[in-house]
Each structure stands twice: as C-alpha cells, then as structure tokens.
1. Run the simple label-point estimate for I26 and Q53 please: 7 Å along Cα→C-beta, distance reported in nm.
2. Report, please, the projected area of the range 313-458 averaged over directions, based on the convex hull of its C-alpha atoms, in nm².
3. Counting only C-alpha contacts under 8 Å and six or more residues apart, can you give the relative contact order of the range 20-160 as a whole percent?
4. Given N residues in the range 20-160, what is Rg(Cα) / (2.2 N^0.38 Å)?
5. Which order do the peptides 103-114, 146-157 come out in when sorted by mean C-beta neighbours inside 10 angstrom, highest first?
6. Hey, if you put +1 on the Cβ of every Lys and Arg and -1 on every Asp and Glu Cβ in the range 313-458, which of G378, L366, L344 ends up farthest toward the positive end of that dipole?
7. Within 10 Å of each residue's Cβ, count the other Cβ atoms and sort E64, E359 from fewest upward.
8. Considering Cα pairs under 8 angstrom that are at least six residues apart, work out the relative contact order of the range 327-465 and quote it in whole percent.
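What follows draws every value from the coordinates through simple rules; no lab data is involved. Values in this document were obtained by computation on a predicted structure and should not be read as measured data. Positions of Cβ are generated from backbone atoms using ideal geometry, with glycine treated the same way; all protein chains shown enter the neighbour counts.
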Amino acid sequence: MGRVFKSLTFQIIVTAVLIVGISMAILSNRLIVDFQDQLINKETETLQAIGSQAVERWNRMYRELYSSYKFNTLSREKQNALLSIFLSKSYSDYITLFKSNFPKVSIGYQVNLFTPSMVYLGDASRKSLSKLTVTLPLKAGAQTLGYLIVDRDMPQVLAPLERVRFEAFKTSCISIALSAVATIVLLAFFLVRLLSLRRSVVRMATNLDTRVPQGGGELGEISRAVANLALSLKRSIEEAKQTEALKTLGTFTAGIAHEVRNPLTSIKGYASLLEKKLQGRPEAKYVIPIRSEADRLESLVKDLLTFGRPSTVQPVAFDLTEFFTSLGDLMSQQFEDGHAVLDLQVPHITVTWDARQTEQMFMNLLQNAVQSMQDKGGGTVTVSARTEADRVIVEVRDTGVGIRDEDKPKMFTPFFTTKEHGTGLGLPISQKIASFHNGVITYESSEGVGTTFTVNMQRIINPVV
C-alpha cells in the first residue's frame, strides 16, 4: 500500500481530483452565498414595498384628519387626542384587512398614543423563528409617532436556497466525477509515455544502446535530451577505451620500432656494402629490392615512433600564407605526378604552433588528397583558412573519389589503410598532432565527389615549461 501512495501516478490523480473538488466546492459555496444575498435583498425590497403601502395609507388618513380638524389651530394635546380617537381604529382595521392580502408576511405596528405595546398580526410561534424584518416610521407631520414592522420567517425566505444547495451539490459531484474520469484519461496518455521513458532510462544503466521513446511536447524534449546524453556518454566511454588502447598500442609500437631500428640500420649498411661489391655484376640487381624494402621499413619505423612516443610541442609564430606556400613548393613534384593543382585561399593569419609537427600533419592531409584524385586523373586541392574567436579553422578539400561509407568509421583507426603500400598511421598521427594543439580533425565526404578535412585548432599554443 505504501508503494501505491508513493507512486507518481497515484499522487498526480489524487492531486488533480482534490484540485477539481476543492475548486468546485469553493465555487459552489460562493454561488450559494451570492444567491442567498440576492434572495434576502429581493425579499427586503418586497417587504419594503408592502410596508410602504401601509405607511402611505397612514399618511392619507393623517392628512384627512389634519385638514378636517385644522390641526394647525389646535394644541398638541388636542391633536394627540384626535389621533388616538379617530386614527387608531381606522388604521387597526386597515392593517387587519391589509394582512389578508399578504398571508406569508407578518405585519405589526406600535403607536405610543394608542398602542403602547406592539400590535402584531402573524404566527403565534414567530418568536422561535429567525426573521427578515423591515421597520418603517409612522409620522404625524414632522413628529414620529410610531413604527410599522413587516417581517417574514427566514426559513420561508431561504426555502429556494435549499433546492439550489441540492442542485449545486449534485452538480459538484457530477463535475468532480467527470473531471476525475477526464483527468485519469488524459493522465493515462501522459503516464504511459512517462513510464515508457522511465523504463528506458532504467535500462540505460546496463545498456546505453536502449532506444528512448520519442514524441512531442516537454516529454519529447526530455526524451531527446536523455538520448543525446546517452549517446554522448557512450562516445565518451568509447573514446576513453580507444585512448587507453591507443596509449597501450603506442607504447608497444614505440618499443617494437626502437628494437627494429638498429637491425634495420645494419641491413641498410650491409646492403650498401654489398651493392658496391657487386657493382657491374648481374647479381647487383638483387640488392635493389633489399634497399627499397629497407627504406619502406624505415619509413614505417619512423611513423611508429612518431605515433607511439609523446612529442613535446615547441610553438613558434609564423604566417599561414607563407607556411602553405612553402609547403606547396615542397610538395610540387607530388602534385605534378598526381596531375593535381593546389589552390591556396589562405589569408595572412599569424599562428603560434609547432611548425615541424603541423607541417607533417598538413603534408599527410595533402598527400591523401592528391592520392584520392589519382584514380580520377587528377583534380584540384583547395586549402582555405579562417579565424573564429581564438580558433583557426583550416579546410583541405579535394575532388577525388571520396570515402566509402563502410570505411568512414575507421578513418582514424591506427593501421587501417586502403592504399597498397600505406601504413595506416597518417591520419592517426595527424589527429594526435591536432590534439597537441588543443584541436581536432573532422571530415565530410561523398563517394565520387570528394572529401573535405577540417582542422580546428587553438590559434596560440603556449610552450610547455
């Protein structure tokens, strides 16, 4: 039972029903109070009108008596005596007759000259009931001689209110029931999505590939945020694993390369001696492939050492326009052999980078661009650069064959290559150099159209002390 009370579904439904019920109760009570005030005000006006008729009759009787006996020539004692003799009987008879016209209303009057106590026409039990009372003065000229009282039992006045209370209660119950049903139906759609999202989030604790349900509204935004968070976390974990694997691989390859380099130097030395000994003899042709393969192996060892051992960044300030112009001159023969054209669109931007490392990085990218266009008979390699805040973004764009979709996830994986004599370390080394400069290399490629590599690095790198 405690679990039910703690469930979000139960709490939302109960809260919604309570809100609707309390709102309906407050509204009904307010309507009843307003209706009661209206009933009392209307009944008061009715009693006021009834009493005004009796007061008007009193005033006519007084005016007739006043004019008949010329009250202005009489003393106050004679005026009062005449009022007591003539007006009392006439008014008492009128009130008795008047009461018959209003059977639900009690009428009484008190005039000290002839009725020292209240003369009241009404139910004998009236004193036990609450009354709605209107009192009007009875005057003789400017003198108030007494008062007329008109009242009605309050239960009679409020009798219609009981029906209103019952109807309001019935309407409130029906409204609460319908609201509860509507609330449950609406919340059902909401809670189904919420519980589905909750199950997905719980499953993500053991499987980050769990599919998160999508949709619109706030829950849709939460779902997308959770999915993006899971994707980001998965990437971070994979990157951490890859970083650790690359670190281990780098240490291993650096050790292997270091051990291979000394014997390789001996092989190349003995191959040179052997070539000199066999100079002019037919057997000399067998030495050529030995030296060629030794040179290729030496290049691989150099790449392994570059990839495996940490490098110290030695930044210097230089201009990118001059840098790429010089690099283009250095690689002019490669561009010519590949039937490629270098198009430099690099403005004068001063950067503080490690010149040797960045030369190796951009040389790798330019070599890849030239080689990707050889199967198409050449093309254009465009290099452009721009600044964004404290970053410099360089793009190397070619019009080559592009990268196959199945190869895209492996482009920065060590030793993966699509070239016949490639080592598969050019891009991993370039990415590593970019990371030394607080940067990253990304790419976009379409098969048969070309590839664009984007290098985004911090403009000024401080030297490591």
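1. Distance between label points: 4.5 nm.
2. On the way: hull surface 32.6 nm².
Over all viewing directions, the range 313-458 projects a mean Cα-hull area of 8.1 nm².
3. Working: 142 pairs, mean separation 39.2, N = 141.
Worked out over the range 20-160, it gives 28 percent.
4. 1.37
5. Working: 103-114: 17.3, 146-157: 19.6.
Per-residue Cβ counts within 10 Å, averaged per peptide and sorted highest first, yield 146-157, 103-114.
6. My answer, from the dipole projection, is L366.
7. Fewest to most other Cβ atoms nearby, the residues stand as E64, E359.
8. On the way: 244 pairs, mean separation 36.5, N = 139.
Relative contact order of the range 327-465: 26 percent.
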